[in-house]
Amino acid sequence: MQDLDEFTVTDEALRQMANTENPRLKEIMDSAVRHLHAFARDVNLTPEEWLQGLQFLTAVGQACTPIRQEFILLADVLGLSAVVNALHDKKARELGSQSSLLGPFFREGAPELPLGAQIVEKPTEPEIVVYGRVTDNDGSPLPNALIQIWQTSERGLYDMQERNGESMDMRGNFRTDADGRYHFRTVRPLGYSIPMDGPVGAMVHLQNRHGFRPSHIHCLIGADGHRELVTALYFGDDPNIDSDTVFGVSQTLVVEAKDDPASPIPGLRAVHYDFRLAKAAPGESGRVGADPTKLMKAAE
Ligand code: BEZ
Ligand code: FE
């Protein structure tokens, strides 16, 4: 029997896991163990800090409810979701529109609305129109693509926060027309603070970060034979456009609502954005994150 020290315990843990049948599970767990052990050695982790870390993760789990996913939030504020997105984009067979975070507020089953419909039940700010086309990477239109939209209100809250998950608002699903065109009405969402009243918010406070996301509209776009695109459009004049707490903004996703003679609804300021979907490999999805109500059910 060998006495294990802080280095040889890593080899022994890898040895005991060596018979894992699923090769991808083995690859992921081997690497996780190597990096976790190296991390503990790197910071010289004390037993008290180790317990604090476990308490923190326990609190993150306890903060999860059917309409709140604190673990997604944790991955987001640590930049891990953004890393996974960037890796996913690199794996594409061809270049589509850039992806961005799904975040914890996506919900399946939003109402399917006719093109041009308003997604906000009672708008209190001037309406805007968002329009454009969904094409493949060569610019050919993708008719009947499903565009799922969700955003905060003019007050910077999602329906799950304003209505406690009881009914949907500021969401809508649309189908592109025969030319791949779409348009819908909305109001400009307000940038907002990520939920700061849980353990992840406490950590963000300790890091002296502001906790805000710049104003944005989420889009999840799917068309047969193409990679699902999870992305968001960010309003460039938001004061936090360069310091998103969850690292979701990229240059190609920044938009402006402006007077636009080509707008499909004359008189409304318009955001124009054309989405390009890359061809899919079999069984491929673009998602990072999920409908939080589904994650809770899967864990039961
Ligand atoms: C969101 O954009 O909905 C979001 C993303 C990450 C954390 C919190 C919110
Ligand atoms: Fe959001």
Fill in: Cleavage-rule hits, trypsin sites (Lys or Arg not before Pro), region 94-177, DSSP coil, Cβ neighbours within 10 Å at most 15
Arg155, Arg163
Discussion item. For the chain, what does the relative contact order come out to in percent, with C-alpha contacts under 8 Å and a separation of six or more?
Written reply: 23
Practice prompt. Pick out which of Arg185, Arg93, Arg24 has the largest mean-square fluctuation in a Gaussian network model of the chain, springs linking Cα atoms closer than 10 Å.
Written response: Arg24
Worksheet item: Which three lengths, in whole Å and largest first, does region 70-299 cover when its Cα atoms are put on their principal axes?
Response: 50, 43, 34
Worksheet item: Where does each of Val83, Val254, Val230 land when they are ranked from fewest to most other beta-carbon atoms within 10 angstrom?
Response: Val83, Val254, Val230
Worksheet item: Where does helix 47-62 land angle-wise versus the long Cα axis of the chain, in degrees 0 to 90, nearest 10?
Response: 30
Item to complete: About the Cα centre of region 70-299, how large is the charge dipole given +1 on each Lys and Arg Cβ and -1 on each Asp and Glu Cβ? Please answer in debye to the nearest 20.
Response: 380
Item to complete: Sort 96-105, 140-149 for me by packing, meaning the mean count of neighbouring Cβ atoms within 10 Å per residue, highest on top.
Response: 96-105, 140-149
Worksheet item: Using a cut-off of 20 Å between alpha-carbon atoms, which aspartates and glutamates can reach Lys122, once sequence neighbours fewer than 8 places away in the same chain are excluded?
Response: Glu112, Glu154, Asp159, Glu162, Glu166, Asp169
Worksheet, complete the sentence: Sorting Ile265, Thr186, Ile72 by the position of each Cα along the dipole of the chain (Lys, Arg +1; Asp, Glu -1; all at Cβ), the one nearest the positive end of that ordering is Ile265
Worksheet entry | Cβ-placed point charges (K, R +1; D, E -1), dipole of region 147-194 about Cα centre in debye, nearest 20 | 120
Worksheet item: What aspartates and glutamates sit close enough to Lys90 to cross-link, taking a C-alpha to C-alpha distance under 15 Å and skipping anything fewer than 8 places away on the same chain?
Response: Glu228, Glu284
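We did not get these values from a lab; they are worked out from the coordinates using the rules stated. Fair warning: this is a prediction, and the values are worked out from it, not measured in the lab. Quick reminder, even Gly has a Cβ in these numbers, built from the backbone with ideal geometry, and neighbours come from all protein chains shown.
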